[in-house]
Amino acid sequence: MGKLQPARGTRDIFGEDARRMEAVTAAFEATARTYGFQLLATPIFEFTEVFARPLGESSDIVTKEMYSFSDRGGEAITLRPEFTAGVARAFISAGMQQSLPVRLMSHGPVFRYERPQKGRYRQFHQINAEFIGSETPETDVEMITMAWRVLESLDIVDKVTLHLNTLGDRESRTVYRDRLVTYFGAHKAALSQDSQRRLDTNPMRILDSKDEGDRVVVEKAPPLDESLTQASLDFYARVEDGLRACDVPFTRDTRLVRGLDYYTHTAFEFITDALGAQGTVIGGGRYDGLIEQLGGPSVPGMGWAGGLERLALLLDAAPSVQRPVVIMPMGDAAVRAALSLAEDLRAAGHTVIADRSGNLKKRLTRAAKAGANHAVILGEDELAADRVTLRNLDAGDQESLPRKALTDRLAAWS
Ligand code: HAM
């Protein structure tokens, strides 16, 4: 029977969970549209090289978490572990640099081989927005504010804190990298195996380590700020200033480095303490070198992704569904007439389900279970008189009325 369970880290999403996720996606799309975003659906799998270099050859995602395989044609394929690299690849493939900037929104499943726990899955879903072709800090402000507005429209903004940092430009990072190598090199023996390896590949990643021994060393590491160029500091100051202009509160978090290699300048996360260990609900930043690294033109980008499951968990209540009207044809002759009557009611905006089997009592019990507020009973007598019986399931009373009057009567009640 074990095989009839979903694979570890995956799940079937239905009922209330599905409604919550649908509500988050709808809020995201509606908000992003007001910022000029258009939908882009990229493939769920790409050639492995699309992800491997941009995300970082030494990053956790690339070294431990990608679902990679060679397909029947021998191609190295990876299920997308995030959207950004695929969106950048699509941007290049479609020659989108002809009309810059572009604002692209996406949502769908992503795959990471992680240890499953509450709010962490192997197949999860992201909402994702990328603003490609603008290098101004005001674009970063707009993107972060857009994320804030999505949270606001879902009424969960009070549950999160915006953590903001800058990683500086390439020059700042080169200087900082050297300082970190010197510092961590002097404390190498105290570092975990993973971090000793990161010392050669990507020392900034050590700042992000969860290992307790590493954390002690990281506490005293030199801060990035001291290595930032004036241009990076000026850029960052404009991001902070713009957020203040939009009334978006934030806290500076100099330890925020993000888990992917492509970031430059602005990096941010929306973090909640309502979900235990998996508290980051949205993360993103600027990635000015990514498109060039993938073999495209030198075009800057800025974006973010939100974890749909985590955002859905933060909602106070699942959105309610419209209560259905159940149409109940009694007897063969009424079945056909009930088909078109149901269509009329749907066209008037009602949710209509039909129940064609069993006696009336059984059908009324089923209708109550389905959460219906009304039953429309269509028997042979009613059919002959072109009337229907409308039963109010909450009140338990009913009335007979001409078929033509039904939509108006229902509209008056709902
Ligand atoms: P990320 O921080 O790796 O960024 O993921 C974004 C969000 O996806 C996280 O904040 C979290 O809510 C959710 N998430 C990540 N892993 C899991 C998991 N295993 N289970 C459930 N939810 C998860 C990116 O993916 C970047 N591509 C964001 C970006 C877009 N940067 C620029 N543009």
Q.
Looking at segment 289-296, can you tell me whether even one residue there is surrounded by fewer than 16 Cβ atoms within 10 Å (Cβ to Cβ) and touching a Leu at 6+ places or on another chain (Cβ under 9 Å)?
A. no
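In segment 371-387, how many are within 46 Å of the chain's Cα centre (by Cα) and within 16 Å of Ala342 (Cβ to Cβ)? Talk me through it step by step, then tell me what you get.
Of segment 371-387, the ones within 46 Å of the chain's Cα centre (by Cα) are 371-378.
Filter once more, keeping what is within 16 Å of Ala342 (Cβ to Cβ): 372-378.
Number of matching residues: 7.
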Q: Only residues that are over 20 Å from Leu233 (Cβ atoms) and acidic (Asp, Glu): list them for segment 148-180, please.
A: Glu152, Asp155, Asp158
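Give Leu199, Leu233, Leu154 a once-over and let me know the one that is more than 27 Å from Leu311 (Cα to Cα), at pLDDT 95 or above, open to solvent by 10 Å² or more (accessible area, probe 1.4 Å) and out of contact with any Leu (no Cβ under 6 Å at 6 or more places or on another chain). Walk me through how you get there before you give the answer.
Working: Leu199 fails: at pLDDT 95 or above; Leu154 fails: more than 27 Å from Leu311 (Cα to Cα).
Checking each option against the conditions leaves just Leu233.
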Q) So which pairs qualify, if the first residue must be in segment 138-154 and in contact (Cβ under 8 Å) with a residue 12 or more places away in the chain, the second must be polar (S, T, N, Q), the Cβ gap must be under 7 Å, and the two must be at least 6 apart or on different chains? A) Asp140/Thr266; Met146/Thr31; Arg149/Thr31; Val150/Thr31; Ser153/Thr31
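Conditions tested, residue by residue: (1) within 14 Å of the ligand (Cβ to nearest atom); (2) touching a residue at least 12 places away in the same chain (Cβ under 8 Å); (3) touching a Phe, Trp or Tyr at 6+ places or on another chain (Cβ under 8 Å).
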{"residue": "Ile206", "(1), (2), (3)": "no, yes, yes"}
{"residue": "Arg215", "(1), (2), (3)": "no, no, no"}
{"residue": "Gly285", "(1), (2), (3)": "yes, yes, yes"}
{"residue": "Asp288", "(1), (2), (3)": "yes, yes, no"}
{"residue": "Glu292", "(1), (2), (3)": "no, no, no"}
Q: Return yes when Ala317 is of a type in the set (Gly, Ala, Ser), free of Cβ contacts under 8 Å to residues at least 24 places away in the same chain and away from the ligand (no atom under 11 Å from the Cβ) and no when it is not.
A: yes
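Looking at segment 48-69, can you tell me whether even one residue there is in the same structural domain as Arg258 (by TED's automatic domain parsing), farther than 28 Å from Ser195 by Cα and hydroxyl-bearing (Ser, Thr, Tyr)? Reasoning before the result, please.
Our first condition is that a residue be in the same structural domain as Arg258 (by TED's automatic domain parsing); within segment 48-69, this holds for 48-69.
Applying the additional criterion that residues be farther than 28 Å from Ser195 by Cα yields none.
No, because not a single residue in segment 48-69 is in the same structural domain as Arg258 (by TED's automatic domain parsing), farther than 28 Å from Ser195 by Cα and hydroxyl-bearing (Ser, Thr, Tyr).
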Q) Looking at (1) open to solvent by 20 Å² or more (accessible area, probe 1.4 Å); (2) at pLDDT 95 or above, can you tell me which one Ala274 breaks? A) (2)
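For residues that are among the acidic types (Asp, Glu) and farther than 15 Å from Phe124 by Cα, tally how many sit in segment 66-111.
Here is the first cut: in segment 66-111, the residues among the acidic types (Asp, Glu) are 71, 75, 82.
Going one step further and asking which of them are farther than 15 Å from Phe124 by Cα, we end up with 71, 75.
The number of residues fulfilling the criteria is 2.
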Q: Kindly indicate the residue of segment 258-270 that is closer than 18 Å to Val150 by Cβ and near the ligand (Cβ under 9 Å from one of its atoms) and also surrounded by the fewest Cβ atoms within 10 Å (Cβ to Cβ) among those meeting that condition.
A: Glu269
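A quick yes/no check of all residues on (1) touching a Cys at 6+ places or on another chain (Cβ under 9 Å); (2) open to solvent by 20 Å² or more (accessible area, probe 1.4 Å); (3) modelled with pLDDT under 95; (4) within 15 Å of the ligand (Cβ to nearest atom):
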| residue | (1), (2), (3), (4) |
| --- | --- |
| Pro43 | no, yes, no, no |
| Phe47 | no, yes, no, no |
| Glu65 | no, yes, no, yes |
| Thr84 | no, no, no, yes |
| Ser99 | no, yes, yes, no |
| Gly108 | no, no, no, yes |
| Tyr113 | no, yes, no, yes |
| Pro116 | no, yes, no, yes |
Q: Look at Asp155 and say whether it is away from the ligand (no atom under 15 Å from the Cβ) and more than 20 Å from the chain's Cα centre (by Cα).
A: no
Q: Pull up segment 118-141, narrow it to residues that are surrounded by fewer than 18 Cβ atoms within 10 Å (Cβ to Cβ) and within 24 Å of Gly289 (Cβ to Cβ), then point me to the one that is nearest to the ligand (Cβ to nearest atom).
A: Glu135
Q) Any residue in segment 73-82 that is open to solvent by less than 10 Å² (accessible area, probe 1.4 Å), within 15 Å of the ligand (Cβ to nearest atom) and either polar (S, T, N, Q) or touching a residue at least 40 places away in the same chain (Cβ under 8 Å) (or both)? A) yes
Q | Qualifying positions in segment 33-87 - closer than 22 Å to Gly285 by Cα and charged (D, E, K, R) | A | Arg33, Glu49, Arg53, Glu57, Asp60, Glu65, Arg80, Glu82
Q) What's the number of the condition Gly242 fails, among (1) open to solvent by 20 Å² or more (accessible area, probe 1.4 Å); (2) touching a helix residue (DSSP H, G or I) at 6+ places or on another chain (Cβ under 8 Å); (3) away from the ligand (no atom under 15 Å from the Cβ)? A) (1)
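The values are calculated or read from the model by the stated rules, or taken from the named source; none is laboratory data. Everything numeric in this text was worked out from a predicted model, so none of it was measured. Note: ideal-geometry Cβ built from the backbone for every residue, glycine included; neighbour counts use all protein chains shown. Each accessible area value is taken on the protein alone, full model and side chains, heavy atoms only, with ligands, DNA and RNA left out. Shrake-Rupley method; radii C 1.70, N 1.55, O 1.52, S 1.80 Å.
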